[in-house]
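> A single structure is presented below for examination.
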Amino acid sequence: MDLLNQQTLRRVYQHCNKLYPKEVCGLIYSDGTVHSAEHSLDMCDHSLLKRSLKEVNPSRVVYYSHTDLGAHFSESDAQRVLENGKPKYPVSYLVVDTTSRVCRGAKLYSFSDGDYRCVAAYDPLGKLLKSA
């Protein structure tokens, strides 16, 4: 995904590092703009996400940190973003592995064949390591 370049990922990593050990999240728009939030997407941010999907520069990725847990998309993550087995929003999810104020990388998950699957992995500098 081109919008997840090193510059964009560095901004995401800085946000995660700055608020560690808190888990944080945010939105990445199609032009690479980053909207940072704290802990979970609150009602204001959900409204922002929904509204953006109707605009010229929609959200394409929701990112969030897993502190000291790795960059996996958990069962509870899936339960929060699925409704009747389908995604609530047409976005991908970037899970950032944050530990001791350092991001160790991130993985991008997209919905395919009834489940979220890892489609890309990034190193601590935001460089693409693998892509599906």
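The values are calculated or read from the model by the stated rules, or taken from the named source; none is laboratory data. None of the values given here were measured: they were computed from a predicted structure. Glycine gets a Cβ as well: all are built from the backbone with ideal geometry, and neighbour counts include every protein chain shown.
> Confirm whether Y116 is assigned to a strand (DSSP E or B), of a type outside the set (V, I, T) and in contact (Cβ under 8 Å) with a residue 40 or more places away in the chain. Don't jump to the end; show me each part of the working.
Working: assigned to a strand (DSSP E or B): yes; of a type outside the set (V, I, T): yes; in contact (Cβ under 8 Å) with a residue 40 or more places away in the chain: yes.
So Y116 passes the test.
Yes/no matrix, rows are residues, columns are (1) free of Cβ contacts under 8 Å to residues at least 40 places away in the same chain; (2) buried (at least 17 other Cβ atoms within 10 Å of the Cβ); (3) in contact with a Leu (Cβ under 6 Å, 6 or more places away or on another chain); (4) of a type outside the set (V, I, T):
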| residue | (1), (2), (3), (4) |
| --- | --- |
| Q7 | no, no, no, yes |
| E38 | yes, no, no, yes |
| H46 | yes, no, no, yes |
| S52 | yes, yes, no, yes |
| Y63 | no, yes, yes, yes |
| L69 | yes, no, no, yes |
| L82 | yes, no, no, yes |
| G85 | yes, no, no, yes |
| Y93 | yes, yes, no, yes |
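> Please state which one of S112, S76 is among the hydroxyl-bearing types (S, T, Y), more than 13 Å from the chain's Cα centre (by Cα), exposed (fewer than 13 other Cβ atoms within 10 Å of the Cβ) and closer than 25 Å to D2 by Cα.
Going through S112, S76 in turn, the sole match is S112.
> Then there's this: Step by step: first the residues of the stretch 11-36, then only those that are among the charged types (D, E, K, R) and under 13 Å from the mean Cα position of the chain (by Cα), then the one that is modelled with the lowest pLDDT. Which residue is that? Even if it seems obvious, please write down each step before you answer.
To start, the set of residues in the stretch 11-36 that are among the charged types (D, E, K, R) comprises 11, 18, 22-23, 31.
If we keep only those that are under 13 Å from the mean Cα position of the chain (by Cα) too, we end up with 11, 23.
Details: R11: 95, E23: 88.
Ranking the candidates gives E23 first.
> Just one of G26, G126 is surrounded by 13 or more Cβ atoms within 10 Å (Cβ to Cβ), touching a helix residue (DSSP H, G or I) at 6+ places or on another chain (Cβ under 7 Å) and not in a strand (DSSP E or B); which is it?
Working: G26 fails: not in a strand (DSSP E or B).
Exactly one residue qualifies, and that residue is G126.
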